[in-house]
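In what follows, a structure is listed as structure tokens, so that the remarks can point back to it.
The values are calculated or read from the model by the stated rules, or taken from the named source; none is laboratory data. Quick caveat, the model's predicted, so the values are computed rather than measured. Cβ placement follows ideal geometry from the backbone for every residue including glycine, while neighbour counts extend to all protein chains displayed.
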Amino acid sequence: MSHDIAATSARLHAALDDLNRQIAPLQQLWTREAAAACRAEQERWQQAAAALHDILVGLGNAVREGAADVADSDRRAARAWG
């Protein structure tokens, strides 16, 4: 499951990169207020994407650690039975 979370984060990052590539030609046409508004919005996207990435990394780590804890508990329980 932690691999799925990492893959989702990578897909989101790739989608944002693709969006930036699609917008780039349009940005060359925009001036002043439109260009500034676009830059501000892109900055918000980048900040939101970075925050989401951090959340997904933390979630992936928690899932991985939780799975290891469950596996350890299972091994201890199995040893208790002989």
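A few remarks follow.
- All of (1) surrounded by fewer than 14 Cβ atoms within 10 Å (Cβ to Cβ); (2) more than 30 Å from L26 (Cβ to Cβ); (3) in contact (Cβ under 8 Å) with a residue 12 or more places away in the chain hold for G66 with one exception: (3).
- Restricting segment 26-60 to residues that are polar (S, T, N, Q) and at pLDDT below 90 leaves a set whose member that is surrounded by the most Cβ atoms within 10 Å (Cβ to Cβ) is Q27.
- Candidates L52, L29, L19, L56 - the one that is assigned to a loop (DSSP other than H, G, I, E, B) and out of contact with any strand residue (DSSP E or B) (no Cβ under 9 Å at 6 or more places or on another chain): L29
- Here is the figure for segment 28-63: residues that are free of Cβ contacts under 8 Å to residues at least 12 places away in the same chain and not charged (D, E, K, R) total 16.
- Residues of segment 72-82 satisfying the condition of being of a type in the set (G, A, S) and either surrounded by 10 or more Cβ atoms within 10 Å (Cβ to Cβ) or in contact with a Cys (Cβ under 8 Å, 6 or more places away or on another chain) (or both): S73
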